[in-house]
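Below you'll find the structure, written out as structure tokens, and then a few comments.
The values are calculated or read from the model by the stated rules, or taken from the named source; none is laboratory data. Given the structure is predicted, the values throughout are model-derived calculations rather than measurements. No Cβ is skipped: glycine too gets one built from the backbone with ideal geometry, and neighbour counts run over all protein chains shown. For the accessible areas, the whole protein counts, side chains as well, though only heavy atoms, and no ligand, DNA or RNA atoms are used. Shrake-Rupley method; radii C 1.70, N 1.55, O 1.52, S 1.80 Å.
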Amino acid sequence: MNRVINFGAGPATLPLEILEQAQAELLDWRGTGMSIMELGHRTEIFTEYLHETEQKLRELLTIPNNYRILFLHGGARAQFAMVPQNLLANKHGADYLDIGIWSQKAIAEAQLFCDVNIVASSKDNNYTSIPTPDTWQLKPTAAYFHYTSNETINGIECTFIPEVGDVPIVVDMTSDILSMPIDVSRFGLIYASAQKNIGIAGLAVVIIREDLLARSSTATTVPSLYNYAIQAEQHSLYNTPASFAIYIASLMFAWLQRQGGLTKIAELNQRKATKLYHAIDHSNGFYRNDIAKPYRSKMNVVFNMQTTQLEQQFLAAATAANLVALKGHRELGGLRASIYNAMPMSSVDTLIDFMKVFQQKHS
Ligand SMILES: *Cc1c(COP(=O)(O)O)cnc(C)c1O
């Protein structure tokens with residue numbers, strides 16, 4: 001067996017012990033004589049398991065009782081549409097902060113359903129910084145305020161929770177959920193697809209404040225599968241859920257608890273990112289990261305070299321050394337190391353050592 005070190009942004013690497021547990025339980029899950037993939041989703045054992053999984057997430061994130069947890073299909077992209085479809089109710093517009101490519105995609109989708117007011121955009125500085133909140137053009141009549149807490153492609157992170165008055169905050173936390181503790185009570189709705197920091201593709205986790213469910217009830221044109229109120233009422237079992245993806249998420253929640261919870265993992269994530277940015281910043285310009293320092297992502301470290309040719313050589317040499325998926329997103333180019341929860345410090349060290357050796361050979 002030759003496991004590589006996978007810096008992919010998503011689907012992303014999983015802790016080895018989770019893969020091994022899934023392998024060990026594949027043929028006979030909890031004495032059912034079958035895998036969880038084959039188990040009916042309306043069986044008592046599965047519905048209890050779903051509840052247990054929810055509880056684990058509730059504990060990890062200290063989710064207050066007036067929030068519901070939903071396990072839905074369609075990844076984060078489905079949420080780009082579901083959020084406006086469900087939350088507009090009798091309003092016509094919503095506020096969006098534009099700090100990168102995922103913000104833009106969420107905005108484009110929302111524009112199918114409502115008037116989008118872009119409160120501020122960092123497009124003018126190539127998404128290397130976050131516009132200061134005192135310049136944001138917020139609308140108090142907005143149905144909700146939407147932002148992306150971590151821009152996976154651009155490698156920029158909104159390190160603060162915006163202050164937007166009484167307007168509910170909706171956040172796309174796909175690439176930094178569970179990377180640190182958060183105050184859930186500041187949000188109206190949190191969503192994340194699973195294949196970055198929760199588990200595998202095919203699942204989105206939605207955490208929604210109960211009072212917002214009433215908006216879905218009035219939004220009668222929302223298809224049932226995409227209706228938050230119906231999904232909450234049916235405990236995410238309106239149709240067959242992504243049971244295997246939920247299972248991997250559940251293993252991940254238990255793994256996080258074993259690591260000491262989110263405070264511990266946040267410390268480790270901070271140390272991993274600090275070390276990697278330090279290596280980039282102390283390479284005499286051989287490697288470069290242009291993001292304003294306070295907003296550098298702790299999950300996705302993007303960097304460039306002097307020429308694309310050198311970047312190609314870097315990628316080839318890295319792959320030969322078993323360090324894979326370091327290529328930047330196709331819309332942006334450059335290089336990117338995604339270092340989610342599951343990426344151990346030792347692998348970050350291996351990457352840094354590789355970068356130093358590559359630099360010595362090529363400068
Ligand atoms: C990956 C990603 C998405 C898209 O997720 P899908 O599961 O492919 O729909 C949306 N937002 C952010 C911040 C992402 O990183």
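Numbers for the structure displayed
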read-out: All positions within the stretch 223-261 that are of a type in the set (Val, Ile, Thr) and surrounded by 15 or more Cβ atoms within 10 Å (Cβ to Cβ); value: 230, 246, 248
read-out: Residues that are open to solvent by 10 Å² or more (accessible area, probe 1.4 Å) and touching a strand residue (DSSP E or B) at 6+ places or on another chain (Cβ under 7 Å), drawn from the stretch 330-348; value: 334, 336, 347
read-out: Qualifying position, being open to solvent by 10 Å² or more (accessible area, probe 1.4 Å), more than 16 Å from the ligand (Cβ to nearest atom), outside any loop (DSSP other than H, G, I, E, B) and not hydroxyl-bearing (Ser, Thr, Tyr), among 1, 37; value: 37
read-out: Filtered residue count, the stretch 188-204, keeping only those that are closer than 19 Å to residue 245 by Cα, in a strand (DSSP E or B) and over 10 Å from the mean Cα position of the chain (by Cα); value: 1
read-out: Qualifying residues in the stretch 84-106 (those that are out of contact with any His (no Cβ under 8 Å at 6 or more places or on another chain) and of a type in the set (A, V, I, L, M, F, W, C)) - the one nearest to the ligand (Cβ to nearest atom); value: 102
read-out: Of the criteria (1) hydrophobic (A, V, I, L, M, F, W, C); (2) closer than 24 Å to residue 342 by Cα; (3) not in a strand (DSSP E or B), which one residue 69 fails; value: (3)
read-out: Candidate set: the stretch 340-349, residues that are touching a Leu at 6+ places or on another chain (Cβ under 7 Å) and part of a helix (DSSP H, G or I); chosen: the one farthest from residue 283 (Cα to Cα); value: 345
read-out: Test for residue 284: is it modelled with pLDDT of 95 or more, open to solvent by 70 Å² or more (accessible area, probe 1.4 Å) and at positive phi; value: yes
read-out: Selection count where residues are closer than 23 Å to residue 66 by Cα and out of contact with any helix residue (DSSP H, G or I) (no Cβ under 6 Å at 6 or more places or on another chain), scope the stretch 209-223; value: 6
read-out: Residue in the stretch 177-198 that is farther than 21 Å from residue 64 by Cα and open to solvent by 10 Å² or more (accessible area, probe 1.4 Å) present; value: yes
read-out: Test: residue in the stretch 218-237 that is within 16 Å of the ligand (Cβ to nearest atom), closer than 20 Å to residue 338 by Cα and in a helix (DSSP H, G or I); value: no
read-out: Positions within the stretch 69-83 being among the aromatic types (Phe, Trp, Tyr) and near the ligand (Cβ under 8 Å from one of its atoms), in sequence order; value: 80
read-out: Of residues in the stretch 296-311 being hydroxyl-bearing (Ser, Thr, Tyr) and touching a Gly at 6+ places or on another chain (Cβ under 9 Å), the one farthest from residue 157 (Cα to Cα); value: 308
read-out: Residues (on the phi > 0 side of the Ramachandran plot and within 15 Å of the ligand (Cβ to nearest atom)) located in the stretch 151-198; value: 155, 178
read-out: Single match in 264, 298, 293 (criterion: open to solvent by less than 50 Å² (accessible area, probe 1.4 Å) and modelled with pLDDT of 95 or more); value: 298
read-out: Among (1) in contact (Cβ under 8 Å) with a residue 12 or more places away in the chain; (2) more than 22 Å from the chain's Cα centre (by Cα) - the single one residue 43 does not satisfy; value: (1)
read-out: Filtered residues of the stretch 11-45 (kept if of a type in the set (A, V, I, L, M, F, W, C) and more than 30 Å from residue 326 (Cα to Cα)); value: 24, 26, 27, 29, 34, 36, 37, 39, 45
